[in-house]
Amino acid sequence: MSLAIALHVLSAVIWVGGMFYAYMAMRPAVVEVIDASQRGVLWCHTLSRFFKWVWLAIVLLLVTGYWMIFNFFGGMAGAGWHIHAMQGLGIVMMLLFFHVYFAPFSRLKKAVANQDPQEGARQVGQIRKLVAVNLVLGLIVVVIGAAGRYL
(Lines give C-alpha, C1' and ligand atoms only; values in the text may rest on other atoms or scores of the structure.)
Protein backbone atom coordinates (compact mmCIF):
# COMPACT_ATOMS: atom_id res chain seq x y z
CA MET A 1 0.00 0.00 0.00
CA SER A 2 2.76 2.48 0.84
CA LEU A 3 4.42 1.96 -2.57
CA ALA A 4 1.07 2.55 -4.33
CA ILE A 5 0.45 5.73 -2.33
CA ALA A 6 3.98 6.99 -2.99
CA LEU A 7 3.75 6.36 -6.75
CA HIS A 8 0.26 7.86 -6.85
CA VAL A 9 1.28 11.04 -5.04
CA LEU A 10 4.52 11.43 -7.00
CA SER A 11 2.62 11.06 -10.28
CA ALA A 12 0.16 13.77 -9.24
CA VAL A 13 2.98 16.05 -8.06
CA ILE A 14 4.86 15.64 -11.35
CA TRP A 15 1.78 16.36 -13.47
CA VAL A 16 0.19 19.17 -11.46
CA GLY A 17 3.53 20.66 -10.44
CA GLY A 18 4.68 20.65 -14.05
CA MET A 19 1.55 22.50 -15.12
CA PHE A 20 1.99 25.02 -12.30
CA TYR A 21 5.61 25.64 -13.25
CA ALA A 22 4.82 25.95 -16.96
CA TYR A 23 1.87 28.28 -16.42
CA MET A 24 3.04 30.42 -13.52
CA ALA A 25 6.83 30.61 -14.04
CA MET A 26 7.95 29.55 -17.50
CA ARG A 27 5.18 31.17 -19.56
CA PRO A 28 5.72 34.70 -18.18
CA ALA A 29 9.51 34.34 -18.54
CA VAL A 30 9.21 33.11 -22.13
CA VAL A 31 7.04 36.09 -23.06
CA GLU A 32 9.63 38.49 -21.57
CA VAL A 33 12.77 36.87 -22.97
CA ILE A 34 12.11 34.78 -26.08
CA ASP A 35 11.38 36.37 -29.46
CA ALA A 36 7.80 35.68 -30.55
CA SER A 37 8.98 33.85 -33.66
CA GLN A 38 10.80 31.26 -31.50
CA ARG A 39 8.24 30.71 -28.72
CA GLY A 40 6.42 27.94 -30.56
CA VAL A 41 9.68 26.05 -31.06
CA LEU A 42 10.57 26.37 -27.38
CA TRP A 43 7.11 25.25 -26.23
CA CYS A 44 7.10 22.38 -28.71
CA HIS A 45 10.39 21.02 -27.38
CA THR A 46 9.48 21.66 -23.74
CA LEU A 47 6.03 20.07 -24.00
CA SER A 48 7.44 17.09 -25.90
CA ARG A 49 9.59 16.29 -22.88
CA PHE A 50 6.94 17.10 -20.26
CA PHE A 51 4.18 15.15 -21.99
CA LYS A 52 6.25 11.94 -21.81
CA TRP A 53 6.16 12.34 -18.05
CA VAL A 54 2.44 13.09 -18.11
CA TRP A 55 1.76 9.86 -20.02
CA LEU A 56 3.71 7.93 -17.37
CA ALA A 57 1.92 9.81 -14.58
CA ILE A 58 -1.49 8.95 -16.07
CA VAL A 59 -0.64 5.26 -16.28
CA LEU A 60 0.66 5.22 -12.70
CA LEU A 61 -2.30 7.23 -11.39
CA LEU A 62 -4.77 4.80 -12.95
CA VAL A 63 -2.92 1.64 -11.92
CA THR A 64 -2.19 2.73 -8.34
CA GLY A 65 -5.55 4.43 -7.86
CA TYR A 66 -7.62 1.44 -8.90
CA TRP A 67 -5.28 -0.94 -7.09
CA MET A 68 -5.90 0.99 -3.86
CA ILE A 69 -9.66 1.16 -4.45
CA PHE A 70 -10.00 -2.57 -4.95
CA ASN A 71 -7.34 -3.76 -2.50
CA PHE A 72 -7.62 -1.23 0.31
CA PHE A 73 -11.17 0.12 0.17
CA GLY A 74 -12.76 -3.15 -0.97
CA GLY A 75 -14.11 -1.71 -4.20
CA MET A 76 -16.01 1.38 -5.30
CA ALA A 77 -18.70 0.95 -2.65
CA GLY A 78 -16.07 1.15 0.10
CA ALA A 79 -14.43 4.30 -1.23
CA GLY A 80 -15.41 7.64 0.29
CA TRP A 81 -16.79 10.60 -1.59
CA HIS A 82 -13.29 12.08 -1.84
CA ILE A 83 -12.02 9.02 -3.72
CA HIS A 84 -14.90 9.25 -6.19
CA ALA A 85 -14.32 13.01 -6.58
CA MET A 86 -10.60 12.47 -7.25
CA GLN A 87 -11.41 9.74 -9.75
CA GLY A 88 -14.02 11.83 -11.59
CA LEU A 89 -11.91 14.99 -11.76
CA GLY A 90 -8.83 12.93 -12.64
CA ILE A 91 -10.65 11.37 -15.60
CA VAL A 92 -11.74 14.83 -16.77
CA MET A 93 -8.11 15.97 -16.50
CA MET A 94 -6.94 12.98 -18.51
CA LEU A 95 -9.51 13.64 -21.23
CA LEU A 96 -8.42 17.29 -21.41
CA PHE A 97 -4.80 16.16 -21.65
CA PHE A 98 -5.65 13.72 -24.45
CA HIS A 99 -7.35 16.56 -26.31
CA VAL A 100 -4.34 18.85 -25.81
CA TYR A 101 -1.93 16.14 -26.90
CA PHE A 102 -3.80 14.94 -29.99
CA ALA A 103 -5.22 18.29 -31.19
CA PRO A 104 -3.44 21.60 -30.43
CA PHE A 105 -0.09 20.00 -29.53
CA SER A 106 -0.15 17.96 -32.74
CA ARG A 107 -0.93 21.15 -34.67
CA LEU A 108 1.87 22.96 -32.82
CA LYS A 109 4.37 20.30 -33.91
CA LYS A 110 3.19 20.70 -37.53
CA ALA A 111 3.45 24.50 -37.30
CA VAL A 112 7.00 24.24 -35.97
CA ALA A 113 7.94 21.74 -38.69
CA ASN A 114 6.44 24.09 -41.31
CA GLN A 115 8.20 27.10 -39.75
CA ASP A 116 4.87 28.89 -39.20
CA PRO A 117 5.29 30.99 -36.04
CA GLN A 118 1.82 32.55 -36.27
CA GLU A 119 0.11 29.16 -36.27
CA GLY A 120 2.50 27.97 -33.58
CA ALA A 121 1.56 30.94 -31.40
CA ARG A 122 -2.13 30.24 -31.96
CA GLN A 123 -1.71 26.62 -30.86
CA VAL A 124 0.38 27.64 -27.83
CA GLY A 125 -2.45 29.97 -26.86
CA GLN A 126 -4.97 27.15 -27.14
CA ILE A 127 -2.76 24.84 -25.07
CA ARG A 128 -2.31 27.59 -22.46
CA LYS A 129 -6.08 27.94 -21.97
CA LEU A 130 -6.60 24.20 -21.60
CA VAL A 131 -3.64 23.85 -19.25
CA ALA A 132 -5.14 26.63 -17.10
CA VAL A 133 -8.35 24.59 -16.76
CA ASN A 134 -6.41 21.40 -16.04
CA LEU A 135 -4.23 23.19 -13.50
CA VAL A 136 -7.26 24.42 -11.55
CA LEU A 137 -8.77 20.92 -11.64
CA GLY A 138 -5.43 19.42 -10.57
CA LEU A 139 -5.12 21.78 -7.62
CA ILE A 140 -8.66 20.89 -6.54
CA VAL A 141 -7.79 17.18 -6.78
CA VAL A 142 -4.68 17.73 -4.66
CA VAL A 143 -6.74 19.46 -1.96
CA ILE A 144 -9.35 16.69 -2.05
CA GLY A 145 -6.62 14.05 -1.90
CA ALA A 146 -4.93 15.70 1.06
CA ALA A 147 -7.98 16.80 3.08
CA GLY A 148 -11.03 15.08 1.58
CA ARG A 149 -11.38 12.38 4.19
CA TYR A 150 -11.40 15.05 6.90
CA LEU A 151 -14.12 17.23 5.36
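The values are calculated or read from the model by the stated rules, or taken from the named source; none is laboratory data. As the structure is a computational prediction, the values presented were derived from the model and not from experiment. Quick reminder, even Gly has a Cβ in these numbers, built from the backbone with ideal geometry, and neighbours come from all protein chains shown.
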Where the second residue is of a type in the set (Asp, Glu) and the first is touching a residue at least 12 places away in the same chain (Cβ under 8 Å) and lies in region 104-128, which pairs have Cβ atoms under 6 Å and are six or more apart or on separate chains?
111/119
Counting only residues that are surrounded by 15 or more Cβ atoms within 10 Å (Cβ to Cβ) and either closer than 17 Å to residue 61 by Cβ or among the basic types (Lys, Arg) (or both), region 93-112 contains a total of 8
Does residue 139 qualify as being loosely packed, with under 15 Cβ neighbours inside 10 Å, closer than 22 Å to residue 13 by Cα and in contact with a helix residue (DSSP H, G or I) (Cβ under 7 Å, 6 or more places away or on another chain)?
yes
Determine the pairs where a residue that is in contact (Cβ under 8 Å) with a residue 12 or more places away in the chain, located within region 19-34, has a partner that is among the aliphatic types (A, V, I, L, M) and surrounded by 10 or more Cβ atoms within 10 Å (Cβ to Cβ) with Cβ atoms under 7 Å apart, the partner being 6 or more residues away or on another chain.
19/131; 19/135; 20/135; 22/131; 23/131; 23/132; 23/135; 30/42
Given the options 125, 90, name the one that is exposed (fewer than 13 other Cβ atoms within 10 Å of the Cβ), among the small types (Gly, Ala, Ser), in a helix (DSSP H, G or I) and under 20 Å from the mean Cα position of the chain (by Cα).
125
Among the residues of region 30-66, what is the count of those that are modelled with pLDDT under 95 and among the hydroxyl-bearing types (Ser, Thr, Tyr)?
1
Test of understanding: among 8, 84, which residue is under 17 Å from residue 146 (Cβ atoms), in a helix (DSSP H, G or I) and either touching a residue at least 60 places away in the same chain (Cβ under 8 Å) or of a type in the set (A, V, I, L, M) (or both)?
8
Among the residues of region 55-67, write down those that are surrounded by 13 or more Cβ atoms within 10 Å (Cβ to Cβ), hydrophobic (A, V, I, L, M, F, W, C) and either in contact with a Ser or Thr (Cβ under 9 Å, 6 or more places away or on another chain) or under 15 Å from residue 149 (Cα atoms) (or both).
56, 57, 58, 60, 61
